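Before any comments, here is the structure.
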Amino acid sequence: MKKSKLFGGLVLTASLFLAACGNGGTTADSSAAESSSTVAAEPTTVKIGLVSESAVEIWEAVAERLEDENIDLEIVKFTDYNQPNIALDNGELDLNAFQHVAFLENYNANNDADLTPLGFTFVSPLGIYSSKYADYSEIQDGDTIAIPNDVTNGGRALLLLQAIDLITLDNAAGTAPTVNDIIENPKNLNIEELDAAQLPRSLEDAGAAVINTNFAVDAGLVPTEDALYLDTDNIQEVLDIYKNVVAARAEDVDNEVYKKVVAAYQTEETKALIAETTANTDIPAWD
């Protein structure tokens, strides 16, 4: 009887030992698998710089879609056009999405930089607005017209003023005219250059202001309803250099993660959000 119990005990002990060995191996393998899975599951963080509330809303939706790609898109919002390229250039950002090609090229030329477009986003119209007049033909002699003070948007604003016959520019100025290139100003308009973000406020005092869509929308204006004129009313005359882009440093132009970010933006969902957040004003530019 004792032998039987002993034998049974040995069998039970051996079984437990084997089970323990088996479970131990499984646990180790599971731990390794879990560890491997944990490492694989760590998302890649991508910091992108933006400049407007409407852009933030659109990119927040893009960020949600990128979660399925295991990418954590971190949005960094700036309040003006001066900082996002500096932050990208010095490595504080991975990408930015706030500017058209002309603005980007001007930054590169003036800062010995190599920021590079990864893909188009949209064409954003430039519009002239007024709290005093219902039509740009009503603008009076000696009125102040406020325009952006950066070279590219300021030049585009001057081209807009020329398109509605308020001024005439020297043809030699090309796509980047300055106030010094005005050769005819029949209404003796005072062209005042202001930071783009301040232009909506200038409507309180100026006869009119030429305002970027993002700042117009943020100020509660509806470009398609409130603008006296949008330069995209003649879309065929809006050059490719005014298409907005997602930009990166040149060394990252082939980064597969960044390409996924651009692809997640260039979707039908984004088209719908562009229409919603800009009141059908901005035009998707990637097709």
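The values are calculated or read from the model by the stated rules, or taken from the named source; none is laboratory data. Nothing here was measured: the structure is a model prediction, and the numbers come from that model. Ideal geometry is used to build each Cβ from the backbone, glycine not excepted, and the neighbour counts take in all protein chains shown. Calculation scope for accessible area: heavy atoms of the full protein, side chains included, ligands and nucleic acids excluded. Shrake-Rupley method; radii C 1.70, N 1.55, O 1.52, S 1.80 Å.
Tabulated data for the structure shown
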item	result
Accessible-area order (highest first, 1.4 angstrom probe) of the listed residues Thr79, Thr121, Thr116	Thr79, Thr116, Thr121
Dipole magnitude (debye, nearest 20) for the range 127-234, charges at Cβ of Lys, Arg, Asp, Glu	100
Relative contact order (%) - the chain, alpha-carbon pairs under 8 angstrom, separation at least six	25
For the range 126-231, with +1 on Lys and Arg beta carbons and -1 on Asp and Glu, the positive-most of Asn153, Ile182, Ser130 along the dipole	Asn153
Solution diffusion estimate, µm²/s, Stokes-Einstein, the chain, Kirkwood Rh from C-alpha pairs, 10 °C, viscosity 1.306 mPa s	72
Mean Cβ count within 10 Å, highest first, over the residues of peptides 100-106, 125-131, 184-190, 87-93	125-131, 100-106, 87-93, 184-190
Built amide H within the under 5 Å cut-off of Asp72, gap 5+	Thr44, Thr45, Val46
Stokes-Einstein diffusion coefficient of the range 202-284, Kirkwood radius over Cα pairs, 4 °C, 1.567 mPa s, in µm²/s	85
Table column - 3J(HN,Hα) (Hz), the range 156-166, Karplus curve with 6.51, -1.76, 1.60, x for Gly and Pro	5, 5, 5, 5, 5, 4, 5, 4, 9, 6, 8
Under-5 Å amide H pairs with Leu169, H placed in peptide plane, nonlocal only	Ile183
Whole-Å semi-axes of the ellipsoid equivalent to the range 126-231 (Cα gyration tensor, √5λ, descending)	20, 15, 12
Across Lys243/Lys271; Lys132/Lys187; Lys77/Lys260; Lys77/Lys259, pairs whose alpha-carbon gap is larger than 19 Å	Lys77/Lys260; Lys77/Lys259
Charged-residue dipole, Cβ positions (Lys, Arg, Asp, Glu), the chain about Cα centre, Debye nearest 20	2040
Rounded to the nearest 20 debye, dipole of the range 49-144 from Cβ charges on Lys, Arg, Asp, Glu	280
